[in-house]
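The values are calculated or read from the model by the stated rules, or taken from the named source; none is laboratory data. In this text, all values refer to a predicted model and were calculated from it rather than measured experimentally. Positions of Cβ are generated from backbone atoms using ideal geometry, with glycine treated the same way; all protein chains shown enter the neighbour counts. The area values use the complete protein model at the heavy-atom level, side chains included, leaving out ligands, DNA and RNA. Shrake-Rupley method; radii C 1.70, N 1.55, O 1.52, S 1.80 Å.
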Amino acid sequence: MIAAPSPLPVVILISGRGSNLQSIIDAVAQQRLAVDIRAVISNRPAAAGLQRAREAGLAVEVVDHTQFPDRQAFDQALLTCIERFQPALVVLAGFMRILTAGFVHHYQGRMLNIHPSLLPAFPGMNTHRRALQAGCSQHGASIHFVTEAVDGGPVVLQAQVPVQPDDTATTLAARVLEQEHRLYPLAISWFAEQRLQLDSSGQATLDGKVLTGPVIVSQESETPC
Ligand code: GAR
């Protein structure tokens, strides 16, 4: 196996606010995470996260999905844009487009996503409202390898967030987001250190052992390493 170049080249895809992007930028700046953010790409020209990327001096690209006739054409343009930066890892950080099978296959084992629920619970949208409606006592966030199943790839890391009796979707979302900002730099650092991988049978491994379930961090606990 050819060793990945150091620090690991990554491309980050966003669609909006970019607070997870910021947590990754901050972790790199604080030397908690050794990656080279080669570019930040948004499918929305007005994404606030683009400004965060510019302020951090990062290369910024927009591939506007509204300018393409279909998903296939958009994904091809996105892939072409990403490939200019030769990433070893593609990081979906609030990237709100469903990707085609061909695109996902191209980045198999090299693409992570963050999702605001304890997957497999609540894939898709409005996760906080749905967790409250379902009466969950625990909610949270997940990091997973991206596969063709939307929000369905192997989950590698989760943070649990207890639901409070007076929570609204907004208050719950804010506490989950805090945990997201802890989780993503940690999972990316595992990948960059080649501790976290997707094996040929599609199972996630950490330190060479198959993950039968995600590593779980509770809200109070220290970050595991
Ligand atoms: C985050 O909560 C992320 O988990 C979610 O979008 C938000 C983006 O926030 N992603 C998904 O729902 C993907 N299915 P951010 O732009 O501030 O990072």
*So what does E180 come to for accessible area, using a 1.4 Å probe and Å² rounded to 10?*
20 Å²
*Electrostatic dipole magnitude of the chain [Cβ: Lys, Arg +1; Asp, Glu -1; Cα centre; debye, to 20]*: 200 debye
_Derived scalar couplings ³J(HN,Hα) [region 193-205; Karplus, 6.51 cos²θ - 1.76 cosθ + 1.60; whole Hz; x for Gly, Pro]_ = 7, 6, 7, 10, 8, 10, 7, 5, 8, x, 9, 6, 10
*Carbon and sulfur: what percent of the chain's accessible surface (1.4 Å probe)?*
52 percent
*Which is the longest part of the chain that has none of the trypsin sites (Lys or Arg not before Pro) sitting in a DSSP loop with at most 15 other Cβ atoms within 10 Å?*
85-194
*Which order do the peptides 42-50, 20-28 take when ranked by the mean count of other beta-carbon atoms within 10 Å per residue, highest first?*
20-28, 42-50
_Å² of accessible area per residue within the chain, as computed with a 1.4 Å probe and no ligands counted_ = 47 Å²
_Distant-in-sequence amide H partners of A48 (H built 1.01 Å from N, under 5 Å)_ = R17
*Which is farthest toward the positive dipole end of the chain among S6, V156, T205, measuring Cα position about the Cα centre, with Cβ charges +1 (Lys, Arg) and -1 (Asp, Glu)?*
S6
*What residues qualify as long-range amide H neighbours of V60, i.e. H under 5 Å apart, gap of 5 or more or another chain, H built at 1.01 Å from N?*
V40
_Taking every DSSP beta bridge with both residues inside region 12-168, roughly what % is antiparallel (nearest 5)?_
50 percent
_Give me the one-decimal nm value for the distance between modelled label points at E178 and A46, 7 Å along each residue's Cα-to-Cβ direction._
3.1 nm
*Long-range amide H partners of L157 with built H, under 5 Å*: I143, V215
*Evaluated at q = 0.09 Å⁻¹: base-10 log I(q)/I(0), Debye formula over Cα of the chain*: -0.34
*Roughly speaking, what is the stretch gain from R195 to Q72, that is 0.36 nm per residue apart minus the C-alpha to C-alpha distance, in nm to one decimal?*
41.0 nm
*Can you run phi through the Karplus equation (6.51, -1.76, 1.60; θ = phi - 60°) for region 85-94 and list ³J(HN,Hα) in whole Hz, with x for Gly and Pro?*
9, 6, x, 8, 8, 9, 10, 8, 10, x
*T170 to A29: extension gain in nm, 0.36 nm per residue of separation minus the Cα-Cα distance?*
47.8 nm
*Take every Cα pair under 8 Å in region 103-197 that's 6+ residues apart, average their separations, divide by the length, and report that relative contact order as a whole percent.*
28 percent
*When the Kirkwood hydrodynamic radius is evaluated over all pairs of different C-alpha atoms of region 141-222, what value in angstrom, to one decimal, is obtained?*
13.7 Å
